[in-house]
Structures are given as structure tokens and as C-alpha cells.
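Structure, as C-alpha cells:
The values are calculated or read from the model by the stated rules, or taken from the named source; none is laboratory data. Just so we're clear, the structure is a prediction, and the values are computed from it rather than from any experiment. Heads up, the Cβs are rebuilt from the backbone with ideal geometry, glycines too, and the neighbour counts pull from every protein chain shown. The protein model used for the area step is the full one, side chains on, heavy atoms only, and it has no ligands, DNA or RNA in it. Shrake-Rupley method; radii C 1.70, N 1.55, O 1.52, S 1.80 Å.
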Amino acid sequence: MNRRMKILLTGGSGMVGRNLLDHATAATHEVVAPSSKVLDLTDKQAVALYIADLQPDLVIHAAGRVGGIHYNSAYQTEALVDNIEMGMNVVMAARDAGVPRLLNLGSSCMYPRDAPNPLSEDLILSGKPEPTNEGYAIAKIAVARLCLYVSRARPTLRYKTLIPCNLYGVYDKFDPNVSHLVSAVIAKVHDARVNGRETVDIWGDGTARREFLFAGDLADAVWASVERFDDLPDLMNVGCGSDYSVNEYYEAVARVLEWDGGFTHDLSKPVGMQRKLVATDRQAAFGWSPRHSLDEGIRLTYDHYLTIGH
């Protein structure tokens with residue numbers, strides 16, 4: 001679709017949303033990204049009125065309450081209720097207003113804890129989610145299924161879902177209470193470096209494997225999906241195609257930040273799933289792949305971290 005479109009972006013102030021707005025393709029469309037003060041996505045009536053009035057050509061639903069293991073396990077109620085309300089309100093309002101296309105962002109937390117890796121899209125609902133992410137996972141699954149049901153019931157409406165792997169990058173959160181692995185490690189190693197500490201602790205034994213995609217690359221995948229929406233499957237993972245152990249992420253951050261200290265392991269801390277690597281077959285068939293290596297992504301993220309006062 002090489003025409004200028006009016007696009008409603010939810011979650012424009014979050015990491016994903018801000019990377020989407022920074023992407024060059026955003027300037028080729030009219031992107032409307034209301035803040036939560038302008039539009040409370042948990043207010044069903046307000047969302048319905050806003051979308052009916054705006055009449056966008058396409059909605060990108062990137063809003064969400066999200067964090068790492070600590071947040072998702074400590075705030076299960078909020079993770080479930082807020083995410084399911086926001087998603088349901090946006091999708092149903094878009095349906096009722098006759099918005100022809102919607103791109104929903106899911107999460108690899110949607111996959112069952114014991115599913116075989118790499119995680120293919122047809123494995124969703126084949127088992128129980130990871131307990132520490134259960135509320136968030138249920139919400140994301142429900143909204144993705146709703147998109148599928150709407151499209152089945154009304155063939156003129158095409159509502160699709162991208163399932164990104166774990167993310168890090170520019171505009172990420174670095175507070176250890178809400179941050180994901182890579183950004184938390186950047187903050188911890190930076191702190192050790194500037195304060196002359198010789199060791200940094202790692203939760204668990206560090207052997208669990210994770211796949212982290214640079215948020216700028218996800219933005220590129222989203223805009224590629226918008227531009228070639230009709231070629232996009234109803235459900236598609238977005239990932240790197242490879243993963244690293246937690247220990248290797250710590251080593252990569254130490255390498256990029258030029259810190260030569262060592263690591264200790266806190267075996268009392270939760271580690272989540274042992275491995276979570278998404279399958280990229282559909283992504284490859286669609287014709288997209290990430291541009292940044294792990295070290296490049298860490299460098300760009302660290303540069304941003306330094307600009308926000310650290």
C-alpha cells in the first residue's frame with residue numbers, strides 16, 4: 001500500500017511507539033498517537049467515540065502495561081485487566097467503526113511454557129503459559145484471538161497480530177523493577193563500572209536462553225507490515241532467528257561497555273522459561289529480517305541510556 005494513510009497508533013509514548021514514530025516511514029503517513037491523558041484506552045466509551053470520529057485507515061495497537069519477570073509476577077491483576085481492557089476496547093471500537101485494517105502487537109509470552117522451540121505460531125493455546133507471565137499472556141492471547149474472530153466474521157476487515165520476541169532498545173525502561181533483561185543488565189554493569197565494583201550478580205545460573213530484538217528493528221518490521229499488509233499472515237512472529245544465554249547477554253554488555261569485572265549467580269531468584277526462541281519461517285517468507293547485531297543494539301541503547309542522565 002503505497003498511499004498516504006491516516007493511522008491511529010496506541011502506545012505512542014512507550015518504547016515501541018516512540019521507535020515507530022522515529023522510523024522514516026512514519027513521516028509518509030498521517031500518524032495520530034494520542035497520549036493516555038487525551039485517550040484512556042481502558043475507557044470503552046471514550047475509545048469508541050475517538051475511533052468513530054477519527055475514522056483511521058489502519059490502527060496499530062502497541063499500547064500495553066508491560067515489564068520484566070518482577071513486574072509481570074508482582075502485578076498479575078494489572079497485567080491481565082489493563083491489557084485485556086485496552087485491547088478489547090481498541091479492537092471492538094475499530095470493528096464497530098468499520099476500520100478496514102488493524103495491526104495488533106502480541107508477545108512471545110503468549111506461548112506455552114513447555115512448548116518446543118523454536119515457537120511456531122500454531123502452538124498458541126496448546127498448553128499453559130509461564131506462571132510468572134500468566135496474566136499478561138492471557139490478555140495478549142485474548143486480544144489476538146479477538147482479531148482473528150473479527151476477521152473471520154467480517155471478511156472486509158483484516159485484523160492481524162505480530163508476535164515480537166523480547167525487546168530492548170532506545171526509550172527502554174532501565175529501572176530494575178520494571179525493565180527487561182538487556183536494559184537491566186546495561187544499568188547494572190554501568191553502575192558497577194562507574195562505582196568501581198568488581199562483580200555484578202546474575203539471577204539464576206545464567207544458562208536460560210533468551211531472544212532479544214532491538215526495538216528499532218521491530219519498528220521496521222511493523223512498518224513493513226503496514227506497507228505490505230495484504231501479504232502479511234494473520235499471525236506472525238517477529239524475531240532474530242537466534243538466541244543467547246543470560247550469561248552471554250551479561251558478557252556482551254560488559255564487552256560493549258568495556259567493563260572487565262566478573263559475575264556472581266544468585267540461585268534464589270526466579271529465571272522464568274528455560275528457553276523462548278520464536279520460529280521465523282513466516283517472517284522469512286514475508287521477506288523481513290532484523291538489521292542490527294546484538295553489540296550494535298547494545299551500543300545504541302547504552303548511548304541513549306547516557307543521554308537520559310546516567
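For the reader, a short list of remarks on this structure follows.
- Exposed-loop-free span, longest in the chain, where GluC sites (Glu not before Pro) count as exposed if DSSP calls them loop and at most 12 other C-beta atoms lie within 10 Å: 1-197
- When the C-alpha to C-alpha distance is required to be over 29 Å, the pairs from 37/276; 6/44; 6/128; 173/276; 188/276 that qualify are 37/276; 6/128.
- Convex hull (Cα only) mean projected area of the stretch 28-146, reported in nm² to one decimal: 8.3 nm²
- Once the Cα gyration tensor of the stretch 1-96 is diagonalised, semi-axes √(5λ) in Å: 24, 17, 10
- Amide H within-cut-off set for residue 169, under 5 Å, with H built and near neighbours excluded: 215
- Rg over Rh for the stretch 188-269 works out to 1.15, both radii taken from alpha-carbon positions and Rh defined as the Kirkwood radius.
- Within the chain, percent of DSSP bridges classed antiparallel, to nearest 5: 10 percent
- The residues of the chain present an accessible area of 44 Å² per residue when probed at 1.4 Å with all protein chains retained.
- Near residue 31, the amide H atoms lying under 5 Å from its own belong to 7; only residues 5 or more places off or on other chains count, and H is placed 1.01 Å from N.
- Spin-label pair residue 281/residue 122, simplified geometry with 7 Å Cα→Cβ offset, distance in nm: 0.7 nm
- Residue 234 accessible area, 1.4 Å probe, all protein chains in place, Å² to nearest 10: 60 Å²
- The eigenvalues of the Cα gyration tensor, multiplied by 5 and square-rooted, give the chain an equivalent ellipsoid with semi-axes of 33, 20, 18 Å from largest to smallest.
- For the chain, adding -39500 (n - 2.57) for each run of n ≥ 4 DSSP H residues and dividing by the number of residues yields -12500 deg cm²/dmol at 222 nm.
- For the stretch 1-49 versus the stretch 190-207, the gap between their alpha-carbon centres in whole angstrom: 38 Å
- Between residue 159 and 102, 151, the built amide H atoms are under 5 Å apart, and every one of these is 5 or more places off in sequence or on another chain.
- The stretch 257-310: trypsin sites (Lys or Arg not before Pro) falling in loop per DSSP and having at most 15 other Cβ within 10 Å: 291
- In Hz, Karplus ³J(HN,Hα) per residue of the stretch 109-116 (6.51, -1.76, 1.60; θ = phi - 60°; x = Gly, Pro): 5, 5, 7, x, 4, 9, 5, x
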